[in-house]
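Comments concern the structure below.
Any read-out appearing in this document is the output of simple, stated calculations on the displayed coordinates, not a laboratory observation. On a predicted model such as this, the values are computed, not experimentally measured, just so you know. We place every Cβ from the backbone using ideal geometry, glycine too, and count neighbours over all the protein chains shown.
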Amino acid sequence: MIKILLVIGGVLSMLAFFKMLKEPLWGLALVIFVTPLEPFFKNLAGFTIGRTLGTIAIMVWFIYLVSNQVASKKLNHSSLLRKQFFFLIPVLLSAMVWYLQPDGDRAVNSAFTFLLLGIMALMLENLVISKNDLILISLALSIAGVLACMPAIMYFLGIDVYTPLGADPPTEETEETLRATTLGGNPNSLGILARNGIFACVLLLTLVRKNVAKLSVWLMLLICFTGIVLSGSRTNFYGTLIMFLVLILLGFSQYVFKKSRIAFIIIGFALIGYAGFQLVPNPVQKRLFMGSGDKHIEERTANRVEFTQRQQLQAVGFFMEHPVMGVGLNRTYYESGYDLGAHDTISMLVGETGLLGTVGFLILFFWAIKKLLKARRKTHNVDGKIRISLMVGLLISMLIMGVLGGFIVPYDRTFWMTLALIYPVSNLAYQEDLALFTNKRYVKYMLR
């Protein structure tokens, strides 16, 4: 059965690959889709299958830009293109400065990663034009989340797909007891993919109209939420809760005459939250809730907080020594005497990129928040407000969890994808508003 599913997945990937050669957006969808399958593909000259496909997709997009003047003009007028420079240029300069030093190749590799992420963000912004394009990307994220979560769910239902595929199942002997992982990955990887799936599923709920499609999305949402709690990833679990809190505060505050629909969505989320915890082992639940009376887990939680504080204090020390450009990307572990690496956003930005990289990132981040809040204020339809508020929630959750530890925002692919979707989502909301203003019932309601 497992081999059959892998064959089907391989065939679908090949079809998407050939589709990508004509329509570059399918390349990005394929990159997203293969993320949970990367352990089954060997690296190609140090490149993962995702990075390899991403590079090919970018090359196809460059050819597309040369042959399409409208797309080229759109890229030239991109606000994201200009704002990216504030972060990417300091990162590239830092890599050049530290290249000849010990572990300098790490700085160069990380700078190349950021450059690739930045280009893919521009590519996504440039190619997502219609609602169907947004559905394609959201569907790819959702399916990737489901693929990552299903092995964990099946295991706790009594079906072990880990062992036949050479991966370690979440047994008592694994790290921190019974935390589920992706196939060949780790619990935090599962948490990230599940979080991405939840984000994409909520987007899809505002994009699809047929009841069968909506029911399928609710099922994928349940799978992804169950996966995130099975992973025991507090960073992604609480980040998701923050995202939903912002969504409720911003997205549901002006719901015109669709109160029953909003109530249905909130009840649906509550039921999914309850159902998602039914498979979660007790040790994982205690970990998610910071111990809940378990002294061992409480002690590990306290140690983790102390570890993060040590990392951040170390980053401040590096900043004092190298205030302009830091010690170079991914060089914290070397500079600390192979003691502490950078495992949170503050340690990475302050210690490794210095003043230029930190300020550049903050400019990029708060530009995104400002653009989204402005678009939300101008949007009148419920679906548009939900999408925009969801994106604001995701960015805010990333920043909070990145500061508290365990998460490095600039390395997260979904962060760059969210930046890329600002213009397409805002433009779609505008188009929906135009259609809404022709709705006589809506106009009558607004004029009362």
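Under a point spin-label approximation (7 Å from Cα along Cα-to-Cβ), what is the Val66-Lys370 distance to one decimal in nm?
Label-label distance for Val66 and Lys370, simple model: 3.7 nm.
In region 129-199, what chymotrypsin sites (Phe, Trp or Tyr not before Pro) fall in a loop by DSSP, with at most 13 other Cβ atoms inside 10 Å?
On the way: sites: Tyr155, Phe156, Tyr162, Phe199; in loops: Tyr162.
When the chymotrypsin sites (Phe, Trp or Tyr not before Pro) of region 129-199 are filtered for loop state and at most 13 Cβ neighbours within 10 Å, nothing remains.
Check which residues have an amide H placed less than 5 Å from Val327's amide H, if you skip close sequence neighbours.
Glu352, Thr353, Gly354
At a Förster radius of 35 Å, what calculated FRET efficiency corresponds to the Cβ-Cβ distance of Leu313 and Asn186, to the nearest 0.05? Working shown, then result.
Numbers: r = 26 Å, r/R0 = 0.75.
Computed FRET efficiency for Leu313 and Asn186: 0.85.
For region 324-368, build the convex hull from the C-alpha positions and give me its volume per residue in Å³. Present the calculation step by step, with values, prior to reporting the outcome.
Working: hull volume 2.4 nm³, N = 45.
That works out to 54 Å³ per residue.
Give me the count of lysine pairs in region 131-289 whose alpha carbons sit under 25 angstrom apart, restricted to pairs 8 or more positions apart or on different chains. Could you put the intermediate results ahead of the total?
On the way: Lys131/Lys210; Lys131/Lys214; Lys131/Lys258; Lys131/Lys259; Lys210/Lys258; Lys210/Lys259; Lys214/Lys258; Lys214/Lys259.
Lysine pairs meeting the criterion: 8.
Taking 0.36 nm per intervening residue step and subtracting the Cα-Cα distance, what contour gain separates Ile89 from Leu241 on full extension?
Values: separation 152, 0.36 × 152 = 54.72 nm, distance 3.37 nm.
Gain on extension, Ile89 to Leu241, equals 51.3 nm.
Take the Cα atoms of region 304-408, find their three principal axes, and give me the spread along each one in whole Å, biggest first.
That gives 55, 29, 16 Å along the principal axes, largest extent first.
Have a look at the chain and give its Rg and Dmax from the Cα atoms, expressed in angstrom.
So, for the chain, Rg and Dmax equal 22.1, 70 Å respectively.
What per residue convex hull volume, in Å³, do the alpha-carbon atoms of region 78-224 yield? Please report the intermediate quantities before stating the final value.
Values: hull volume 22.4 nm³, N = 147.
Normalising the Cα hull of region 78-224 by residue number yields 153 Å³.
Starting from the eigenvalues of the Cα gyration tensor, five times each then square-rooted, give me the equivalent ellipsoid semi-axes of region 131-289, largest first, whole Å. Show your work: numbers first, answer last.
Values: eigenvalues 166, 58, 32 Å².
For region 131-289, the ellipsoid semi-axes come out as 29, 17, 13 Å.
Can you sort Trp26, Trp416, Trp218 by how many other beta carbons sit within 10 Å, fewest first?
Details: Trp26 22, Trp416 25, Trp218 18.
Sorted ascending by nearby Cβ count, the order is Trp218, Trp26, Trp416.
By average Cβ neighbour count within 10 Å, what is the ranking of 311-319, 341-349 from highest down? Before the final figure, lay out each step's value.
Working: 311-319: 18.8, 341-349: 23.1.
Taking the mean over residues of other Cβ atoms within 10 Å, the ranking is 341-349, 311-319.
I want to check the label-to-label distance for Ala435 and Asn282. Put each point 7 Å from Cα in the C-beta direction and report it in nm to one decimal.
Going by the 7 Å Cα→Cβ label model, 5.2 nm.
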